[in-house]
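The block underneath contains the structure these notes are about, expressed in structure tokens.
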């Protein structure tokens with residue numbers, strides 16, 4: 001199994017040495033229980049490293065140091081039985097790895113008809129209480145998921161928490177490329193690069209269009225032909241060969257820069273595409289849409305903050321796109337999301353179209369743009385808002401992506417378009433959003449991941465604001 005891009009979790013089993021001293025025969029059953037939990041997580045795409053059962057301080061210290069050496073994303077504690085918190089608390093508080101407490105037991109039922117022998121195998125939950133209470137007293141953040149593993153929701157929620165930890169670790173390692181300066185006068189997303197590095201771990205490199213020119217000049221015809229052939233299979237290409245080819249050429253130059261520089265996110269100011277007589281003659285909207293579907297973060301206008309957010313959420317949860325709230329449908333009580341020409345292929349609800357879009361904002365050539373309907377259903381609208389004193393808030397709002405109206409006007413087919421409905425009236429949503437300092441650049445994540453994305457914010461030491 002290729003585990004390179006899988007979220008990595010360390011499973012830390014808690015136990016009491018006294019039980020081994022007086023009834024060592026029970027360990028086989030507990031080891032089997034730990035393997036059962038690990039197998040359930042692995043079946044959902046999590047790479048699990050199981051530590052040896054830990055009972056005393058040095059065992060907890062050794063296990064956690066091993067997790068740190070292996071650069072796992074988080075630690076899941078599994079309380080096999082009661083385990084005194086003072087044996088584990090120091091080692092747990094020293095590590096910076098996110099902690100997810102799994103509050104579960106071996107058996108699903110414990111009524112009056114059970115044998116008293118079952119108490120031994122199902123009393124770990126009061127060990128959870130001892131441990132969590134001490135974590136709270138020590139000011140050590142943690143997440144907790146409670147239930148029995150026969151309930152799919154327990155595993156689903158735990159998996160989502162591991163993905164949240166993966167997103168946090170990925171964001172702290174963000175290498176973001178900015179091409180051109182940030183859009184002059186846009187202040188909401190602008191944060192000093194030293195603050196991004198110190199507070200969030202985001203590293204930024206800015207280049208000019210000249211380096212993109214150089215990369216585009218090195219693109220070979222065979223590469224272009226292969227990309228055009230792939231596009232013809234994947235998309236409805238309603239575009240001239242000339243317009244499609246020039247956009248692909250610029251896009252492949254951009255792809256080369258991203259790959260050679262090891263960048264996992266990018267932002268481009270469309271204003272730098274000011275001439276038709278240069279290799280980088282068109283804004284690479286098509287490549288941006290493809291890149292987001294491959295987990296590369298993106299945001300427009302030089303916004304490296306939101307680009308890193310989109311990349312982290314995309315790598316962890318998939319089906320994520322950069323977007324903006326453009327218009328309010330007051331009559332329909334929904335919000336219209338859009339942007340110039342970027343939308344992730346990962347959220348497409350039908351066969352995307354590629355067409356030539358007039359470029360009216362500069363002197364560059366007309367670019368190829370991809371549009372599509374978006375899969376309807378549950379989603380999460382996410383915004384990363386800079387605050388006072390170099391703080392950050394993560395605004396999280398569960399929403400519904402609406403099915404595309406059959407009455408869609410033909411001209412709207414050429415527009416990046418998503419309609420969402422929050423869980424409150426849009427007037428109330430917009431008021432809460434702006435009171436929280438929400439910026440005009442955001443991410444949309446398909447699926448029911450509100451709880452996990454909020455956990456991601458807490459793991460990043462952000463103030464989490466829910467709008468629901």
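The values are calculated or read from the model by the stated rules, or taken from the named source; none is laboratory data. Predicted model only: the values in this text are computed from it and were never measured. Every residue, glycine among them, receives a Cβ derived from its backbone with ideal geometry; neighbour counts consider all protein chains shown.
Looking across 381, 392, one residue alone is in the same structural domain as residue 277 (by TED's automatic domain parsing), under 16 Å from residue 447 (Cα atoms) and surrounded by 19 or more Cβ atoms within 10 Å (Cβ to Cβ). It is 381.
Only residues that are more than 20 Å from residue 393 (Cβ to Cβ), in contact (Cβ under 8 Å) with a residue 12 or more places away in the chain and out of contact with any strand residue (DSSP E or B) (no Cβ under 7 Å at 6 or more places or on another chain): list them for segment 175-213, please. Those that are more than 20 Å from residue 393 (Cβ to Cβ), in contact (Cβ under 8 Å) with a residue 12 or more places away in the chain and out of contact with any strand residue (DSSP E or B) (no Cβ under 7 Å at 6 or more places or on another chain): 181, 182, 183, 208, 211, 213.
Tell me, which residue of segment 215-231 that is surrounded by 13 or more Cβ atoms within 10 Å (Cβ to Cβ) and in contact (Cβ under 8 Å) with a residue 24 or more places away in the chain is farthest from residue 354 (Cα to Cα)? Filtering first and then ranking leaves 215. When segment 267-283 is filtered for residues that are within 26 Å of the chain's Cα centre (by Cα) and within 17 Å of residue 206 (Cβ to Cβ), the ones remaining, listed by number, are 267, 268, 269, 270. Just wondering, is there one or more residues in segment 85-107 that are without any contact (Cβ under 8 Å) to a residue 12 or more places away in the chain and more than 22 Å from residue 456 (Cα to Cα)? For segment 85-107, residues without any contact (Cβ under 8 Å) to a residue 12 or more places away in the chain and more than 22 Å from residue 456 (Cα to Cα): absent.
Within segment 123-143, if we keep just the residues that are within 20 Å of residue 110 (Cβ to Cβ) and touching a residue at least 24 places away in the same chain (Cβ under 8 Å), the residue that is surrounded by the fewest Cβ atoms within 10 Å (Cβ to Cβ) turns out to be 126. In segment 1-30, of all residues being within 17 Å of residue 82 (Cα to Cα) and in contact with a strand residue (DSSP E or B) (Cβ under 8 Å, 6 or more places away or on another chain), the one that is surrounded by the fewest Cβ atoms within 10 Å (Cβ to Cβ) corresponds to 30. Taking the criterion of being surrounded by fewer than 21 Cβ atoms within 10 Å (Cβ to Cβ), touching a strand residue (DSSP E or B) at 6+ places or on another chain (Cβ under 8 Å) and in a helix (DSSP H, G or I), the residues of segment 232-258 that qualify are 243, 257, 258. Listed by first and then second residue, the pairs linking a residue in segment 18-46 that is closer than 16 Å to residue 159 by Cα to a residue that is modelled with pLDDT under 95 and loosely packed, with under 14 Cβ neighbours inside 10 Å, with Cβ atoms under 9 Å apart and 6 or more places separating them unless they lie on different chains, are 42/1. Can you pull out every residue in segment 284-307 that is part of a helix (DSSP H, G or I) and touching a helix residue (DSSP H, G or I) at 6+ places or on another chain (Cβ under 9 Å)? 285, 286, 287, 288, 289, 290, 291, 292, 293, 304, 305 - these are the residues of segment 284-307 that are part of a helix (DSSP H, G or I) and touching a helix residue (DSSP H, G or I) at 6+ places or on another chain (Cβ under 9 Å).
Residues of segment 89-137 that are in a helix (DSSP H, G or I) and either touching a strand residue (DSSP E or B) at 6+ places or on another chain (Cβ under 8 Å) or outside the structural domain of residue 163 (by TED's automatic domain parsing) (or both): 92, 125, 127, 128, 131, 132, 135. Scanning segment 313-346 for residues that are assigned to a strand (DSSP E or B) and under 13 Å from residue 379 (Cβ atoms) yields 320, 321, 323, 334, 335, 337. Does segment 207-230 contain at least one residue that is within 30 Å of residue 163 (Cα to Cα) and under 29 Å from the mean Cα position of the chain (by Cα)? The answer is no, given that none of the residues of segment 207-230 is within 30 Å of residue 163 (Cα to Cα) and under 29 Å from the mean Cα position of the chain (by Cα). Residues in segment 31-48 that are touching a strand residue (DSSP E or B) at 6+ places or on another chain (Cβ under 9 Å) and either under 14 Å from residue 163 (Cα atoms) or surrounded by fewer than 18 Cβ atoms within 10 Å (Cβ to Cβ) (or both): 31, 35, 39, 41, 42, 46, 47, 48. Scanning segment 381-428 for residues that are farther than 22 Å from residue 320 by Cα and touching a helix residue (DSSP H, G or I) at 6+ places or on another chain (Cβ under 7 Å) yields a single hit, 390. Condition (residue is in contact with a helix residue (DSSP H, G or I) (Cβ under 7 Å, 6 or more places away or on another chain), part of a strand (DSSP E or B), crowded, with 24+ Cβ neighbours inside 10 Å and in contact (Cβ under 8 Å) with a residue 12 or more places away in the chain) applied to segment 266-277: is it met by at least one residue? Within segment 266-277, one or more residues are in contact with a helix residue (DSSP H, G or I) (Cβ under 7 Å, 6 or more places away or on another chain), part of a strand (DSSP E or B), crowded, with 24+ Cβ neighbours inside 10 Å and in contact (Cβ under 8 Å) with a residue 12 or more places away in the chain.
For segment 360-378, residues that are buried (at least 19 other Cβ atoms within 10 Å of the Cβ) and farther than 29 Å from residue 438 by Cα total 5.
Of all residues in segment 160-178 being touching a helix residue (DSSP H, G or I) at 6+ places or on another chain (Cβ under 6 Å) and assigned to a strand (DSSP E or B), which is surrounded by the most Cβ atoms within 10 Å (Cβ to Cβ)? Checking each candidate, the answer is 176. For segment 9-21, the condition of being modelled with pLDDT of 95 or more and part of a loop (DSSP other than H, G, I, E, B) holds for at least one residue.
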